[in-house]
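Accompanying notes for the structure given below.
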Amino acid sequence: MCREAAIALLLVVSTGCAHAPQKVSASLTTASLPASWAAPVTESAEVPDLWRLVTDGRVRDLMAAALERNPNLAQTSLRVAEAEALLNGQRGLLWPALDMRGQSRATRSDGRTVESGLAGASVSWEADLWGRLRSSTSAAAERLNASEADLLAARNSLAASVLRTLLELTFSRAIIEVEERRIKTLQLNEQLIRERYLVGLGALADLEAARTTLAQAGAGLLDRQERYSRGVRALRVLAGDYSLEPGLTSRFAVELPGSAVPIAVLRARPDIAAAMARASAANADADAAAKALLPGVSLSLDQTRSASSIGNALSADGVSVLLLGVTAPLFQGGRLRAERSRTELVAEHQLFALREALLQALREVDDAVVLEESLKLQTEQRALAQRFSRDNRTLFESRYRDGIANIFDLLNAQQTAYDAEVQLLNAQLLQNQNRVDLGLALGLGL
């Protein structure tokens, strides 16, 4: 028996060496990295995480509430637990399996009842000669790593979404206040023009122009208010609490984070870590599928005891059987080879996905740093435009009262002044939101 077992093992080993699985090339992961970003980030602050982007305590409280209650984040967390359970189950295949059985039977024949009992135990173990089970276990471990990285990325993305939404709400509130002041000014204009018209000092066209401008401003205010309400509802969904009220009455600013070198950014980003883990898992799956074509060796030990009852069977003499099994797939309709081809294609796909994630990460940082410089200049110009338009409005209001300017000049100057104020607020909003995007692109966590 020992001689036959040795011959069988020698056959298995020689077959495995002759059919070593092909490795999937990892050359696709190589990508040339730039030495620096497309534009320098000036006047930046040392910001270690997303929390430090803002100093407002209420904003941080809302971020923390969203991280605790967001249902989508909870689902991502459960997927991590699921991946961990799958890994533990895969690890269990590396250990021997122990099974116990018991049976009690009563047979009645010719008026007599004959009782019998059977008790037994068996141990089985698959020798992982080629590492197929270890490759499958490695794939499960990498999927767990990918799930954990996905959870980190989801937490960061959620915090950034809350910040962006809160910024939009606070700046929307400021714009609504501007629109309300615009309407009050237009109402005063309409009242003044109506009084002048009633005493014969004005034309009907002036009155109609004032009323038209007032109605347009009222429609604009309603649109702004509706967008604010929509933002509140979006924040409630993010926070996982539909009764939530933002409670923010003033605007807040976002710090400009400093940018690290590209390689450091890529190492800090959890989405890149997830893509790398998925590529490694797919490669391990391809390795396991290739090794499934090789012969396998299993060892089992079975012991059975029988007696007149199951209680006596536990102490009765038993029969032990030791089996050494060798299996080799001969014909399965091409299923195993098709699975090997499929897993190799999936591995190549994941490597391309990893390269795409690397390129996308570099682009996101470059887009954000370039936009930061552009928005900085835009904000400066918008501030100048607001100052000049405010002075111009004051001038035309004085001229209209003195009868030098007509109503259309006055309305145009007022519209330009209020529009400039709104445009400045919009530019400041975009600048602050872009800084949140930049922090996220740089891999800042929580």
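The values are calculated or read from the model by the stated rules, or taken from the named source; none is laboratory data. Note that this is a predicted model, so its numbers are computed, not measured. In this analysis, Cβ positions are derived from the backbone assuming ideal geometry, glycine residues included, and neighbour counts consider all displayed protein chains. All accessible areas refer to the heavy atoms of the entire protein, side chains included, with ligands and DNA or RNA removed. Shrake-Rupley method; radii C 1.70, N 1.55, O 1.52, S 1.80 Å.
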Flagged in the range 325-367 as over 30 Å from residue 440 (Cβ atoms) and open to solvent by less than 70 Å² (accessible area, probe 1.4 Å), in numbering order, are 325, 326, 328, 329, 333, 334, 336, 338, 340, 341, 343, 344
First in the range 150-170 and without any contact (Cβ under 8 Å) to a residue 12 or more places away in the chain and over 14 Å from residue 429 (Cα atoms), second anywhere and open to solvent by 20 Å² or more (accessible area, probe 1.4 Å) and not basic (Lys, Arg), Cβ under 8 Å, 6 or more apart: none
For residue 196, which of the numbered conditions (1) assigned to a helix (DSSP H, G or I); (2) at pLDDT 90 or above fails to hold? (2)
Among the residues of the range 412-446 satisfying the criterion of being open to solvent by less than 20 Å² (accessible area, probe 1.4 Å) and of a type in the set (Val, Ile, Thr), which is nearest to residue 375 (Cα to Cα)? 436
So, residue 359, is that one within 30 Å of residue 435 (Cβ to Cβ), aliphatic (A, V, I, L, M) and in contact (Cβ under 8 Å) with a residue 60 or more places away in the chain or not? yes
Can you say whether residue 178 is open to solvent by less than 30 Å² (accessible area, probe 1.4 Å), within 24 Å of residue 420 (Cβ to Cβ) and of a type in the set (Val, Ile, Thr), as far as the supplied structure shows? yes
Scanning the range 131-145 residue by residue, those under 12 Å from residue 86 (Cβ atoms) and of a type outside the set (D, E, K, R) turn out to be 136, 137, 139, 140, 141, 144
Number of the condition not met by residue 286 [criteria: (1) under 22 Å from residue 155 (Cβ atoms); (2) modelled with pLDDT of 90 or more]: (1)
Among the residues of the range 389-411, the number that are in a helix (DSSP H, G or I), touching a residue at least 12 places away in the same chain (Cβ under 8 Å) and open to solvent by 20 Å² or more (accessible area, probe 1.4 Å) is 8
Residues to consider are 139, 159; find the one that is open to solvent by less than 40 Å² (accessible area, probe 1.4 Å), more than 26 Å from residue 231 (Cβ to Cβ) and in a helix (DSSP H, G or I). 139
Among the numbered conditions (1) free of Cβ contacts under 8 Å to residues at least 40 places away in the same chain; (2) crowded, with 17+ Cβ neighbours inside 10 Å; (3) assigned to a loop (DSSP other than H, G, I, E, B), tell me where residue 242 comes up short. (2)
Checking residue 47 against (1) open to solvent by less than 30 Å² (accessible area, probe 1.4 Å); (2) closer than 22 Å to residue 245 by Cβ, only one condition comes out false. Which one? (2)
All positions within the range 210-233 that are among the polar types (S, T, N, Q) and either open to solvent by 80 Å² or more (accessible area, probe 1.4 Å) or not in a helix (DSSP H, G or I) (or both): 216
